[in-house]
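Reading through the structure tokens given below for one structure.
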Amino acid sequence: MSSIRLQTYLAHAGVASRRAAEKLITDERVSVNGTTISVLGTKVNASDAVCLDGVPVAIQTNLLYLLLNKPPEYICSSSDPQGRRLAKDLLPTRIETRLYNVGRLDYRSSGLIIFTNDGDFAAKISHPSSNIEKEYLVEASRHIPDTVTDDFLRGVIIEGVIYQAKKITRIGGKAMRVVLIEGKNREIRRVFSYFHLHPVVLRRIRIGNVSLGNLVEGASRPLSPEEIKGLMRRSNG
């Protein structure tokens with residue numbers, strides 16, 4: 001292996017995406033050959049001993065890609081000071097390598113979340129410029145007025161931020177399918193709250209060419225090679 005940037009090494013090691021790896025470095029959580037590194041751009045090679053929080057890490061040669069149907073009341077994080085249940089703990093215990101989630105679903109939301117140890121894949125899929133569609137099933141506590149769907153499609157400005165759906169399909173008086181592209185943090189919940197609506201169900205059912213299908217809550221499965229290639233093609237425009 002020729003020398004590569006430390007954040008790239010961490011991404012290939014399945015520690016985090018490159019962007020998240022940069023923060024690990026600036027937070028002084030990474031060391032190389034016993035020396036703590038805080039400067040981005042540091043290069044390493046195969047003979048270097050790289051550690052995160054004192055634990056050795058190495059570039060992954062066995063790349064894994066899993067789809068999890070996250071139930072509500074699980075969080076997408078490596079740990080939680082409040083002691084809430086972690087989505088990653090639902091993954092098969094036989095997997096010994098560290099996997100991390102690509103993007104997030106909030107605590108009350110459910111549905112499709114991807115876990116991987118491929119940092120490059122995670123960075124491409126989660127970056128806003130990837131333009132990968134994300135589809136959600138939303139069920140509200142009361143009838144959803146047509147004005148909500150019309151405004152969401154045109155773009156709703158909330159505290160200076162524009163929230164806009166790409167496509168909305170009504171499937172009932174209280175339910176709809178919403179397709180987003182960028183997927184800002186808690187976008188659907190913010191828009192529904194703006195219109196004094198409460199989603200009692202918010203489930204992600206598709207990311208690009210990958211659909212949740214009939215996978216039961218709490219279960220996971222590997223992504224197929226075709227699904228991985230399809231996501232990468234979409235992320236490359």
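Data for the structure
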{"quantity": "Complete set of residues in region 18-71 that are closer than 21 Å to residue 87 by Cβ, in contact with a strand residue (DSSP E or B) (Cβ under 9 Å, 6 or more places away or on another chain) and basic (Lys, Arg)", "calculated": "70"}
{"quantity": "Test for residue 158: is it touching a Phe, Trp or Tyr at 6+ places or on another chain (Cβ under 9 Å), loosely packed, with under 15 Cβ neighbours inside 10 Å and free of Cβ contacts under 8 Å to residues at least 60 places away in the same chain", "calculated": "yes"}
{"quantity": "Filter result (in a loop (DSSP other than H, G, I, E, B) and in contact with a Leu (Cβ under 9 Å, 6 or more places away or on another chain)) within region 18-36", "calculated": "29"}
{"quantity": "Residue selected from region 82-102 under the condition assigned to a loop (DSSP other than H, G, I, E, B) and modelled with pLDDT of 90 or more, by the criterion nearest to residue 125 (Cα to Cα)", "calculated": "91"}
{"quantity": "Lone qualifier among 119, 173, 155, 111 - being farther than 25 Å from residue 234 by Cβ and not charged (D, E, K, R)", "calculated": "173"}
{"quantity": "Within region 61-111, tally of residues that are loosely packed, with under 15 Cβ neighbours inside 10 Å and polar (S, T, N, Q)", "calculated": "7"}
{"quantity": "Residue under evaluation residue 182, criteria (1) assigned to a loop (DSSP other than H, G, I, E, B); (2) out of contact with any helix residue (DSSP H, G or I) (no Cβ under 8 Å at 6 or more places or on another chain), criterion not met", "calculated": "(2)"}
{"quantity": "Test set (1) in contact (Cβ under 8 Å) with a residue 40 or more places away in the chain; (2) assigned to a loop (DSSP other than H, G, I, E, B); (3) outside the structural domain of residue 223 (by TED's automatic domain parsing) - residue 39 fails condition number", "calculated": "(1)"}
{"quantity": "Of the criteria (1) in contact with a Lys or Arg (Cβ under 7 Å, 6 or more places away or on another chain); (2) surrounded by fewer than 20 Cβ atoms within 10 Å (Cβ to Cβ); (3) not in a loop (DSSP other than H, G, I, E, B), which one residue 135 fails", "calculated": "(2)"}
{"quantity": "Single match in 44, 15, 50 (criterion: under 23 Å from residue 99 (Cα atoms), touching a residue at least 60 places away in the same chain (Cβ under 8 Å), surrounded by 17 or more Cβ atoms within 10 Å (Cβ to Cβ) and of a type outside the set (Asp, Glu))", "calculated": "15"}
{"quantity": "Residue identified as in contact with a helix residue (DSSP H, G or I) (Cβ under 7 Å, 6 or more places away or on another chain) and among the polar types (S, T, N, Q) among 235, 193", "calculated": "235"}
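The values are calculated or read from the model by the stated rules, or taken from the named source; none is laboratory data. Every value quoted in this text rests on a predicted model; they were computed, and no experiment measured them. As a convention, Cβ positions derive from the backbone with ideal geometry for all residues, glycine included, and neighbour counts pool all protein chains shown.
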